[in-house]
Amino acid sequence: MRFRPTDDQRALREGVRALLGRRFDREALRAAVDRPGRLDRALWRELGAAGFFALRLPEADGGVGLGLPEAALVFEEAGRALLPGPLLATHLAAGEVPGAAEGETVVAAVDGGGLVEWLAGADVVRGDAAGAVPLDSVDPLTPLHTVPARGAADPVAILLTAAEQLGTATRACELAVQHARAREQFGRPVGAFQAIKHLCAEALVRVETARAAVYAAAVTGDPADIAAARLLADEAAVRGARDCLQVHGGMGFTWEADVHLLLKRAWVRTRRAGGGTESEELLARDLLAATDRQGACLR
Amino acid sequence: MDLSDSPEDAEFRARLREWLAKTLPALPPKPSPDDWPGRRAYDLGWQRTLYDAGYADVHWQASPGVRLIFLEETERAGAPYVGAGFVGLLHAGPTIAAEGTAEQRARWLPPVLRGEEVWCQGFSEPGAGSDLAALRTRAWRDGDHYVVSGSKIWTSHAEVADWCELLVRTDPRAPKHEGITWLAMRMDAPGVTVRPLRTLAGSTEFAEVFLDEVRVPVGNRVGAENDGWRVTMVTLSFERGTAFVGEVVACRRVLGELAARARRDGRWGDPALRRRLGRLNAEFRALWRLTQWNVSEAQAARGGVPGVGGSVFKLRYSQARQDLYDAAAEVLGDTALDLGHPWVRDRLSSLSYTIAAGTSQIQRDIVAERILGLPKGR
């Protein structure tokens, strides 16, 4: 058991972080907020060239030939940068929809829960989106439609969503800590006060617990591990963003601060692929199955 | 990232499973929780059984894979808990192994491994709990002895312990984190008085220990004089980092039993209860993965000594354990008020988890200051 990213995996993560840092920094994020519903197609093609979408496609089919653990690390970085667009749908379409792997074709998809992200902005829509109803999306960076639920959720979609949540949770914790160090009240940094300090500590505890769960699920691919990873990552992202907002005080409640963007995106992802309830039910069934298995062993 | 067993690990797991299946049915019945001498004999007997089979030193092995497999398989099979051996095996033992002299290792480690001696922990004092460095128990040098006077509190296993890992103040003029020394003290030495304390669970899990001019040989000092705080940090990192990992597997077993009981009682149709248990499944799966993660990180970065990541685990686990037994109470209904049910006792003892080994509030300070780099202050 060597449960740490390998040197190659770390290098991959650093590479994606550098690319996103260069091409999608804070200025780009705010610019995207100012032109909602429009994707940066040049960036999309750059992601394609870097292998973002073709990552798990076999080399024989023109892909990178890597696995779920690598995809989780890459999606974590996307979540950390709050990168907008139907990343997951396009990634899952690589090898099946022409141009998706290269980032030439932007793909949206109807997911199991009946949510469609970027329906109007995509070139290709997978699944039956007939009768889709637009929502006035809470997240300025994710246009949304709903259709009636369409069946079972894809475990890979759940896992990579959890990886994105993990990245967003990490970003929320970083922003909270940064602010707690810099912002002074009563003549000292607010991070010196235990009330603030403990909010930040709890945020990190949730991030690290979610990280272990997400990475493990990426390695085992087990549906119960994946369901657990989703619940932990959803919690880390949503509560992390809320606590980050609290640490920022009044500034955190403004449009200018990025905190709301983190929280809103985290909320959108909690509704993907059947939502948390479906994962809780799966994990409840898993408890009984495990008990029955052990009982069978004893007999 | 790799969570699979290496060929050697897989062989170890298979051998251990076979041995457990053969050995566990022959164990004597467990003594009652209040029968301390009986518990001591039972726990040491189990350790001796492990020793004879070649498994005694598994907690001190270099390979994290083997150690986790041992904890996973013994708990899964329902083997006895480490019990009275906790401090010796998971706490004082690793500290002596890391910081002791060759002579000290030879004197103290084999009896722990053979299940012959029990250790207890003399850290906390009435005025030095969370603020451990405020401890006031004094030790003076008198020839080749330290003479120790003061008192300790919340000392688990004190009644049945042979040795105490004792923190004393050897330089009262030094700043409070300096001037502390780590000693091994015999519990039957003249001047040691143990007075049991009754816990909220009604049992006597721990005790007060009064020390009146107790003579401890200088040779029983681990580490240098006045360097005890550093040695203690090594001890605490073991306590927070890895000492609880077996319990996580045990909690997962209890959770499965909760689900089975809910189904038997016709409660499985209640979606709120199902979802609550499902969420706890996620929690304990994640805690197990966090354990594997911490052990891998410690192995890579510090040669096996756990880092402050242990505080992350301890914070999350102590809360999860309380949540687990609160859920158990919901499953039990009126039976949750009956002290005769083992889950009810476990629910009461789970209340100590957010306090013992550094309160959750102290752990949050540690995470905030040492991992996140936030400024000191209260």
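Key figures for this structure:
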item: Any hit, the stretch A:31-39, residues being over 15 Å from A:Glu70 (Cβ atoms), open to solvent by less than 60 Å² (accessible area, probe 1.4 Å) and of a type in the set (D, E, K, R); result: no
item: Number of positions in the stretch B:145-178 that are closer than 14 Å to B:Glu213 by Cα and of a type in the set (Phe, Trp, Tyr); result: 1
item: Count of the stretch A:175-187 residues which are over 18 Å from the mean Cα position of the chain (by Cα) and more than 7 Å from chain B (Cβ to nearest Cβ); result: 9
item: Out of A:Val64, A:Val33, sole residue that is under 16 Å from A:Leu160 (Cβ atoms) and either away from every other protein chain (no Cβ under 14 Å) or of a type in the set (Gly, Ala, Ser) (or both); result: A:Val64
item: Among residues of the stretch A:46-64, those that are open to solvent by less than 30 Å² (accessible area, probe 1.4 Å) and touching a residue at least 40 places away in the same chain (Cβ under 8 Å), counted; result: 6
item: Failed criterion for B:Gly78 (all others in (1) open to solvent by less than 30 Å² (accessible area, probe 1.4 Å); (2) under 22 Å from B:Arg252 (Cβ atoms); (3) among the small types (Gly, Ala, Ser) hold); result: (1)
item: Candidates A:Leu245, A:Leu204, filtered to the one that is open to solvent by 10 Å² or more (accessible area, probe 1.4 Å) and under 22 Å from B:Trp288 (Cβ atoms); result: A:Leu204
item: Flag if A:Arg80 is under 19 Å from the mean Cα position of the chain (by Cα), open to solvent by less than 60 Å² (accessible area, probe 1.4 Å) and modelled with pLDDT of 95 or more; result: yes
item: Per-region count, the stretch A:211-226, residues surrounded by 24 or more Cβ atoms within 10 Å (Cβ to Cβ), within 7 Å of chain B (Cβ to nearest Cβ) and not charged (D, E, K, R); result: 4
item: Lone unmet requirement of (1) open to solvent by 30 Å² or more (accessible area, probe 1.4 Å); (2) under 15 Å from the mean Cα position of the chain (by Cα) for A:Leu141; result: (1)
item: Sole residue being charged (D, E, K, R), within 22 Å of the chain's Cα centre (by Cα) and modelled with pLDDT of 95 or more, chosen from A:Asp111, A:Asp154, A:Asp136; result: A:Asp136
item: Scope the stretch A:2-30; condition surrounded by 14 or more Cβ atoms within 10 Å (Cβ to Cβ), within 14 Å of chain B (Cβ to nearest Cβ) and at pLDDT 95 or above; matching residues; result: A:Gln9, A:Leu12, A:Arg13
item: Set B:Asp34, B:Asp5: member being assigned to a loop (DSSP other than H, G, I, E, B) and crowded, with 16+ Cβ neighbours inside 10 Å; result: B:Asp5
item: Among the candidates A:Glu184, A:Glu164, residue that is acidic (Asp, Glu) and either in contact with a His (Cβ under 9 Å, 6 or more places away or on another chain) or surrounded by fewer than 22 Cβ atoms within 10 Å (Cβ to Cβ) (or both); result: A:Glu184
item: The stretch A:65-87 residues that are outside any loop (DSSP other than H, G, I, E, B), paired with ones that are among the small types (Gly, Ala, Ser) and surrounded by fewer than 24 Cβ atoms within 10 Å (Cβ to Cβ) (beta carbon under 7 Å, 6 or more apart); result: A:Leu68/A:Gly221
item: Among (1) in a helix (DSSP H, G or I); (2) out of contact with any helix residue (DSSP H, G or I) (no Cβ under 6 Å at 6 or more places or on another chain); (3) touching a residue at least 12 places away in the same chain (Cβ under 8 Å) - the single one A:Ala195 does not satisfy; result: (3)
item: Of residues in the stretch B:8-26 being open to solvent by less than 30 Å² (accessible area, probe 1.4 Å) and away from chain A (no Cβ under 13 Å), the one farthest from A:Val214 (Cα to Cα); result: B:Thr23
item: Number of the condition not met by A:Ala237 [criteria: (1) more than 13 Å from chain B (Cβ to nearest Cβ); (2) open to solvent by less than 40 Å² (accessible area, probe 1.4 Å); (3) part of a helix (DSSP H, G or I); (4) over 16 Å from B:Ala286 (Cα atoms)]; result: (4)
item: Selection within the stretch B:241-269 - within 12 Å of chain A (Cβ to nearest Cβ) and in a loop (DSSP other than H, G, I, E, B); result: B:Arg267, B:Trp268, B:Gly269
item: Residue that is open to solvent by 50 Å² or more (accessible area, probe 1.4 Å), touching a Lys or Arg at 6+ places or on another chain (Cβ under 8 Å) and of a type in the set (A, V, I, L, M), where the choices are B:Leu273, B:Leu287, B:Leu339, B:Leu351; result: B:Leu339
item: Test: B:Asp5 is at pLDDT below 95 and within 14 Å of another protein chain (Cβ to nearest Cβ); result: yes
item: Members of the stretch A:249-276 found to be open to solvent by 40 Å² or more (accessible area, probe 1.4 Å) and not in a loop (DSSP other than H, G, I, E, B), listed by number; result: A:Gly250, A:Met251, A:Phe253, A:Trp267
item: Hey, A:Gly221 in contact (Cβ under 8 Å) with a residue 24 or more places away in the chain and under 14 Å from the mean Cα position of the chain (by Cα) or not; result: no
item: Among (1) out of contact with any Leu (no Cβ under 6 Å at 6 or more places or on another chain); (2) touching a residue at least 60 places away in the same chain (Cβ under 8 Å) - the single one B:Gly115 does not satisfy; result: (1)
item: Given (1) touching a Ser or Thr at 6+ places or on another chain (Cβ under 8 Å); (2) within 21 Å of A:Gly274 (Cα to Cα), index of the condition A:His145 fails; result: (1)
item: Subset of the stretch B:160-177 that is assigned to a strand (DSSP E or B) and among the aliphatic types (A, V, I, L, M) - its residue that is farthest from B:Glu117 (Cα to Cα); result: B:Val168
item: Sole residue being farther than 28 Å from B:Pro342 by Cβ, in contact (Cβ under 8 Å) with a residue 40 or more places away in the chain and assigned to a strand (DSSP E or B), chosen from B:Val234, B:Val216; result: B:Val216
item: 3 or more residues under 25 Å from A:Ala216 (Cα atoms) and within 11 Å of chain A (Cβ to nearest Cβ): qualifying helices (runs of 4 or more DSSP H) within the stretch B:270-378; result: B:271-302, B:309-332
item: B:Pro94 more than 14 Å from chain A (Cβ to nearest Cβ), surrounded by fewer than 19 Cβ atoms within 10 Å (Cβ to Cβ) and out of contact with any His (no Cβ under 6 Å at 6 or more places or on another chain); result: no
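The values are calculated or read from the model by the stated rules, or taken from the named source; none is laboratory data. Just so you know, these numbers come straight off a predicted model, no measurement behind them. Virtual Cβ from ideal backbone geometry, glycine too; neighbours counted across all protein chains shown. Surface accessibility is based on the protein's heavy atoms, side chains included, excluding ligands, DNA and RNA. Shrake-Rupley method; radii C 1.70, N 1.55, O 1.52, S 1.80 Å.
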